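Read-outs: derived from the displayed coordinates by stated rules, not from any lab. All of these numbers come straight from a predicted model, not from anything done at the bench. Ideal geometry is used to build each Cβ from the backbone, glycine not excepted, and the neighbour counts take in all protein chains shown.
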Amino acid sequence: MPSLSPTMESGSIAAWNLSEGDAFAAGDVLCSVETDKATVDFEAQDEGIVAKILLPAGPDEINCGTPIVVTVEDEGDVAAFKDFVPESGDDAAAVEAPVAEVPPPAAPAPVAAAPAVAAPAAPTGDRVLASPRAHTLAKEMGFGSVSALRIVGTGPGGRIIAQDVLEYVPTAEAAVPVAAAVEAPAAAAVAAPVAAIAEPVRGAGFTDYSLPAGAAEMAARLAASKKNVPHYYLTVDLALDGLIDLRSELNSTLKLDEGEGGITVNDLILKAAAAAMKAVPSANASWMDSFVRVYDSVDINVVVGNGASLYSPVIRDVSRRGLKAISDDFAAAAAVADGEGSPEDVEGFGDVGTFTVVNLGMFGVKSCAPIIREPQACSLALGTIENRIVPNDDEDSEEIYKQSVMMTATMSLDHRVVDGAVGAQWLATFKKHVENPLTLLL
């Protein structure tokens, strides 16, 4: 059973797409796997033939690493596994071991620039035991093939698992893709992928910078989400006058002067978003392929930091907690992004909540359409706070216009979960709470 996500520990086989004796190519779906969060496809990393299906499809939970299928490279080897039964305690490596005995294809002729390429982790022709997730991560992080990395697997039987790839620290001798060496022999020494470079490397008119494993994984996840989720966007303008007045009153009660911390506009926005989620619970949900899961608790990921220090810790149960508790949690997360403390010291720093809020106002950005973070269905981006001239809604005033403190908020929604009417209802409720902030105290 492959580990198809960083937090997956077990899953069940929803359906086999292939039968024993069927051939497959890299990228073909062997089976559909149900986890506690979603149903995902188990894709083949290499071509081969299904020799023996060890576990049938069904609701039974299977621990990651448990053998579920035997594959071979040559059709003539299928018969050898007709009556194969894994022994008790066998791991995935034990199933793949017979495959390694099949004579490998002849190694390709070396290219002229081959001396610039570091030797792979395994001898040429040897099969590298790695989980499908490890193969996928290696490609997403720019490493190319797992076999090109100098990794000692920590999985059963020395198998390379996803965590090994995430924790891999490239060295100066990291492998350079052969194709790049052929296309640019003169620049082969500086043509390593960005993610595989330990230190910045100067090239002809450019500099390559390394990427932390966490940043590379986040980029891969967002790219997959943008591709898989049918995004649409709704935007609303918010008057913050009442909210700012409430903030001043609360901080006055806490006996805090301006600049001493305390309750922030961002804290009140988070509380308003959680209140809107409780009023429109169908937005606090996830797409699960065959059903929609609606969550009881509103757990909000807040994006803090930037670049390599970009984090999205989760603030738990925002709708049921007080503003001071929310403010303290957010301040602790922001401190880590500023280099104070460690992410491990903040509860929920690596967890996924039910909703995400991104605040780009500090950079002067008026509006932004954020990418939804799967399996969430919504993401809210906040723009800069600014004074605007708006129509005067005071019937007793002689002035046609007035000055108001305004903010633009843009919501990205998954149309499979939240249609346009429900999304508009959520934004209207959110606007009501922001512009009438005393409702947050109810």
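Structural remarks
- Mean Cβ count within 10 Å, highest first, over the residues of peptides 391-399, 12-20: 12-20, 391-399
- Residue exposure sequence - Ile300, Ile263, Ile400, Ile389 - by fewest surrounding Cβ within 10 Å: Ile400, Ile389, Ile263, Ile300
- Summarising the amide proton neighbourhood of Phe355: residues at separation of 5 or more, or on other chains, whose placed amide H is nearer than 5 Å comprise Asp299, Asn301.
- Extension gain (nm, one decimal) between Met362 and Leu54, 0.36 nm per residue minus Cα-Cα: 105.3 nm
- Each of His135, His415 was scored by other Cβ atoms within 10 Å of its Cβ. Arranged with the fewest first, they read His415, His135.
- Under 17 Å from the Ile244 label point (7 Å along Cα→beta-carbon), backbone N, the range 390-423: 390-393, 402-409
- Each of Trp287, Trp426 was scored by other Cβ atoms within 10 Å of its Cβ. Listed from fewest to most, they are Trp287, Trp426.
- Structure note, pairs Lys227/Lys271; Lys227/Lys432; Lys366/Lys431; Lys366/Lys432: Cα-Cα distances above 26 angstrom occur for Lys227/Lys271; Lys227/Lys432.
- Percent breakdown of C-alpha pair distances by 5 Å bin, ordered from the shortest bin, for the range 230-441: 1, 7, 14, 19, 20, 17, 11, 6, 3, 1, 0, 0
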